[in-house]
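The values are calculated or read from the model by the stated rules, or taken from the named source; none is laboratory data. Not measured: the values here are computed from a predicted model. Neighbour counts are summed over all protein chains in view; Cβ atoms, including those assigned to glycine, are modelled from backbone coordinates with ideal geometry.
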Amino acid sequence: MSPLPVFAAGSNAAHGAIVPIAKYVADGTTVSPSFSNIPQGYQDLMLVSSVRSSATTSSLVSLYILPNGDSSNNKSVTTLNGNGSSAASARYTTSPFEYSANVPTQQSAPFVFGTQITHILNYANTTTYKTILTRWACDLNGAGLTGINCVLYPYTTAITSLTAIVDGVVNLVAGTTFTLYGVRSIGQ
């Protein structure tokens, strides 16, 4: 086994370095932001988001990510979540979306956003299905909820675009952000 290459501290060329690709900041009028023409030169993708919906419902709403705009009912999704006093899990074998997280609505205390970190493994590989992992947390007036999700995206096609959608046709409030990063592999 060869030793790992040595890079200067802070180098974004190091194995595992997280390199910013694109950022989206909502202005309050967007429903479904998307990233297209994603560079295919990284090992994995990481999407970091801070989201709040303009929905007026008194409960949290779901955030979904569509790889390549695909909404066919064939994704395998496993979710675990908890609120500090109870926990729940669910499994879906015919989900149309990559369920990502729950996010606050306009009924939440002002300036409360849900946070999510989504890892899309081997996104550019054209011979394997893709694994998508998400960690998330949000609050709804003191009733916090946190969770993790694992999704099998059953296509060997490389992922070249990502679209975010929230339950219902509602806007994302101003200040909502999505930042897409590439994770470097050895030799990049």
### Query
Regarding residue 90, is this residue farther than 17 Å from residue 166 by Cα and without any contact (Cβ under 8 Å) to a residue 24 or more places away in the chain?
yes
Inside the stretch 89-127, the number of residues satisfying the requirement of being closer than 15 Å to residue 67 by Cα and part of a loop (DSSP other than H, G, I, E, B) is 7
Apart from one, (1) touching a residue at least 12 places away in the same chain (Cβ under 8 Å); (2) out of contact with any Leu (no Cβ under 7 Å at 6 or more places or on another chain); (3) outside any loop (DSSP other than H, G, I, E, B) all hold for residue 150; the odd one out is (2)
Tell me, please, whether a residue that is surrounded by 13 or more Cβ atoms within 10 Å (Cβ to Cβ) and modelled with pLDDT under 85 can be found in the stretch 16-25. no
Filtering the stretch 153-170 for residues that are part of a loop (DSSP other than H, G, I, E, B), in contact with a strand residue (DSSP E or B) (Cβ under 6 Å, 6 or more places away or on another chain) and among the aliphatic types (A, V, I, L, M) leaves a count of 2
Scanning the stretch 108-130 for residues that are within 21 Å of residue 175 (Cα to Cα) and within 17 Å of the chain's Cα centre (by Cα), the one surrounded by the most Cβ atoms within 10 Å (Cβ to Cβ) turns out to be 114
* **residue 133 vs. criteria touching a Leu at 6+ places or on another chain (Cβ under 8 Å) and either of a type in the set (A, V, I, L, M) or surrounded by fewer than 18 Cβ atoms within 10 Å (Cβ to Cβ) (or both)** => yes
